[in-house]
Amino acid sequence: MRDATSFDEFYRSTSRRMLRYGYAVAGDHTEAQDLVQEAYARAWRQWAGLAAHPAPEAWLRLVVARLATDRWRRLQGWRAALSRSGPPEPVPPPNEDAVLLAGALRRLPAAQRQALALHYLLDMSVQDIARETRVPAGTVKSWLSRGRARLATLLPDLPAEELEANDVA
């Protein structure tokens, strides 16, 4: 049985030192927080036996160091894969119409936005949308109609053909 009180005391008395150690090992504050958090989680799972260990803080440091080593090895693998494949192609910025459409979609009620996305972006039929959203087909038709009408008022300068052609979620 784990003793939460003794673990809390152990955590309070060692956490600052462990974070400093994790930072020294990893070289990054956020990564150090992740390493130390994982080490404490492992310590908690084994606390019944670890509480009797002659040096539980040394055990925790060992876990932090091993986690950091594992992280470094994983990153080396990613770096090697990246060097073989090269950097990814740059992603072009969205066109102005896509930005306007995304902004207008955010101003619609969630149900209308969902119905429009399912219908126009995923090519789902009204019946399929009704089945997925668990509403009658007439409700879906209403959402689509009201959503299109609202988009037309929000985007008066954008032709309807361009609205349907933009791939915006």
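The values are calculated or read from the model by the stated rules, or taken from the named source; none is laboratory data. Keep in mind the model is a prediction, meaning the values are calculated, not measured. Virtual Cβ from ideal backbone geometry, glycine too; neighbours counted across all protein chains shown. In case anyone asks, the SASA skips ligands and DNA or RNA and just uses the protein heavy atoms, side chains included. Shrake-Rupley method; radii C 1.70, N 1.55, O 1.52, S 1.80 Å.
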With respect to ARG84, is the statement that it is in a helix (DSSP H, G or I), open to solvent by 70 Å² or more (accessible area, probe 1.4 Å), out of contact with any strand residue (DSSP E or B) (no Cβ under 7 Å at 6 or more places or on another chain) and farther than 30 Å from ALA26 by Cα true?
no
Starting from the range 27-49, take each residue that is free of Cβ contacts under 8 Å to residues at least 24 places away in the same chain and open to solvent by less than 70 Å² (accessible area, probe 1.4 Å) and list its partners that are of a type outside the set (Gly, Ala, Ser) and assigned to a loop (DSSP other than H, G, I, E, B), counting only C-beta distances under 8 angstrom and pairs at least six apart or across chains.
none
Within the set of pairs 6+ apart or on separate chains, which have a first residue in the range 60-87 that is in contact (Cβ under 8 Å) with a residue 12 or more places away in the chain, a second that is not in a helix (DSSP H, G or I), and C-beta atoms under 6 Å apart?
none
Given the conditions (1) part of a loop (DSSP other than H, G, I, E, B); (2) over 30 Å from ALA137 (Cβ atoms), every one holds for GLN37 apart from (1)
Going by the structure shown, is ARG131 surrounded by fewer than 12 Cβ atoms within 10 Å (Cβ to Cβ) and assigned to a helix (DSSP H, G or I)?
no
